[in-house]
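Everything below concerns the one structure shown next.
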Amino acid sequence: MTTTTPRPIRAQDRELPHPPYRLPVLGDVWDLHVTDSSQWGMRGAQKFGGIYERNIFGARVTYVSDPDLLREINDDELWSKFLGVPIRDLRSVAGDGLFTAHNSEPNWAKAHAILAPSFTAAAMKGYHAAMQRCAGELVEHWTGRAGEWVDVPSDTNKVALEVIGRTGFGYEFESFIRTDPHPVVSAMLRALTYINRSAYSHPLIERTVFRQQRAQHRADVAMVNETIDEVIARRRREGAGEHSDLLDRMLTAADPETGELLDEKNIRHQILTFLAAGHETSAGVMAFALHYLSRHPEIAEQARTEIAQVWTGDELEVEQVAKLRYVRRIVDESLRLWPTAPGYFRKARANTILGGQYPFEKNEWVFVVLLQLHRHELWGGDPETFNPDRFLPDRVRARHPELYRPFGVGMRACIGRQFAYHEIVLVLATILRNFDLTADPGYELKVKETITLKPDGLRLKMSRRQD
Ligand code: HEM
């Protein structure tokens, strides 16, 4: 009897579609887009298919949007979270916070165990009133601007920032009072923009050409750290345990496994993580949803009918939020077209042959292109059409299980998912109940990428409804 030795799995044997005109040494570098890299990743997938690659100076970047391949890639037994370049660079701000921790860092498991109870559906009770107050401030702000164009992404950013500041660590950024953004917010946004811009740059270029920007970046990070450390110190002085926010939990709750508390520096990293991960993502979804609602008055009306049926008293009650099923479908459909975290990275846990066809060596990684996955042909022939009914329960049940992943996958999926839905549904319902939306007829949707996505330059007129 003869035995055959299995062929070794070698990255060099992997052949994937790629842009034409690949150059020696430089690879496909001419085809790199740094300012709209996710939309470019999507366009590449539309040309080259559900798996393709770009080679940048010898480094291979594999883009995947084929739902069948994602059955393997999204399986934590086979693949796991990878900190791709922009995320790894975020560690200069968020250190070993939940989002930027490596899988093996003990602080990830500890913080996850301590914080998970703060993100359950039941935990939303503790944040609901603060979310309502923030939505109320937005209504007041827009009521005073009747007949004017309002800068939608800027204002949804304000509301999401206030929500995370107050529910996270009892901090008011006074976004609706200030004429200029809070200095911490400006520093944070500059830091994120710097990280996104410099992600594919060379350290020497940063030290020379971008010397001033780099110095500003360091000053920004130091200032943000100092402010957060002062917030934590003040809470300690005042006595932790009196507030129902994330900071109290981080200061007082122990890891059920080890009995250990989070250390001081890690708490700062978690706060910065929540600020970065839980602010622009939610704000972007609100802004995209408002864009589509302004273009589809019939969808806005259907939502208002539901809101009138569910929201019967003066205040929207916490249990009523989950009953706004149609508004939730609007949120899901906005996240389908524009997943504000537009992709995630996964690395192979062992040598593997993906889809029985593509050899990947252990620790090689891919980028999951959500923008294209969410436009895959399995969604039907009209993927660009905004249609919340795609999320009717029967259609969700019949769907390929990997076709919709705006919150990532597995053990490193978004811990804030429930929080984000509660907040966004509450804010959209409050806006729709209070305002009619008028679109700017000259506006064409243009999507801006920082690390997240937002509708660039979107402005609407908000007229107070008389009922
Ligand atoms: C619609 C809004 C949001 C979207 C689209 C979103 C999306 C995501 C995605 C795709 C990931 C996985 C990233 C990866 O695999 O590398 C993630 C992780 C995470 N998100 Fe969100 N997110 C949203 C809102 C929030 C909010 C409101 C918070 C906090 C209040 C939050 C906190 C986090 C954290 C801490 C992680 C890391 C979890 C871990 O690795 O253990 N997110 N999010």
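Taking all Cα pairs closer than 8 Å and separated by 6 or more residues, the relative contact order of segment 382-467 comes to 21 percent.
What GluC sites (Glu not before Pro) in segment 388-467 are in a loop by DSSP, with at most 11 other Cβ atoms within 10 Å of the Cβ? Loop-located and lightly packed - E444.
Would you please give the FRET efficiency between D68 and E301, computed as 1/(1 + (r/R0)^6) with r the Cβ-Cβ distance and R0 = 41 Å, to the nearest 0.05? Here the calculated transfer efficiency is 0.60. A DSSP coil position with no more than 14 other Cβ atoms inside 10 Å describes none of the chymotrypsin sites (Phe, Trp or Tyr not before Pro) in segment 395-434. Helix content alone sets the calculated 222 nm mean residue ellipticity of the chain: runs of n ≥ 4 DSSP H residues at -39500 (n - 2.57) each, divided across all residues, give -14500 deg cm²/dmol.
Phi angles of segment 234-239 translate, via the Karplus equation with coefficients 6.51, -1.76, 1.60 and θ = phi - 60°, into HN-Hα couplings of 5, 4, 4, 4, 6, x Hz per residue; Gly and Pro are given as x. Averaging the sequence gap over all C-alpha pairs within less than 8 Å and six or more residues apart, then dividing by the number of residues, gives segment 23-149 a relative contact order of 12 percent. Considering only alpha-carbon pairs that sit under 8 angstrom and 6 or more positions apart, the relative contact order computed for the chain is 25 percent. Rounded to whole numbers, the Karplus 3J(HN,Hα) couplings from phi for segment 119-125 are 10, 7, 4, 5, 5, 5, 3 Hz, using 6.51 cos²θ - 1.76 cosθ + 1.60 with θ = phi - 60°, and x at Gly and Pro. Once you treat every alpha carbon in segment 392-467 as an equal point and sum by Debye, what is log10 I(q)/I(0) at q = 0.16, 0.21 Å⁻¹? Relative scattering, expressed as log10 I(q)/I(0), comes to -0.98, -1.16. Fewest neighbouring Cβ atoms within 10 Å first, the residues E319, E298 line up as E298, E319.
Annotation: lysines with alpha-carbon distance below 20 angstrom to K323 (same-chain offsets under eight excluded): K125.
Between segment 5-43 and segment 221-239, how many Å separate their Cα centres? Between the Cα centres of segment 5-43 and segment 221-239 lies a distance of 44 Å.
Within straight-line reach of K347, meaning a Cα separation under 20 Å, sit the following lysines at least 8 residues removed in sequence or on another chain: K81, K362. An oblate overall shape is assigned to segment 105-242, the ratio a/c of its alpha-carbon gyration tensor axes (a ≥ b ≥ c) being 1.5 or greater and a/b not exceeding b/c. Loop-resident GluC sites (Glu not before Pro) (DSSP state other than H, G, I, E or B) in segment 70-163 with no more than 14 further Cβ atoms inside 10 Å of their Cβ: E77, E148.
Residues C134, C414 in ascending order of nearby Cβ atoms (within 10 Å, fewest first): C414, C134.
Taking square-rooted eigenvalues a ≥ b ≥ c of the alpha carbon gyration tensor, is segment 207-290 rounded, prolate or oblate, where a/c under 1.5 means rounded and, failing that, a/b exceeding b/c means prolate? Oblate.
Every number in this text was worked out from the coordinates using simple rules, so none of it is lab data. Just so it is clear, the structure is predicted and the values come from calculations on it, not from any experiment. Don't worry about glycine lacking a Cβ; one is built from the backbone with ideal geometry, like all the others, and counts go over all protein chains shown.
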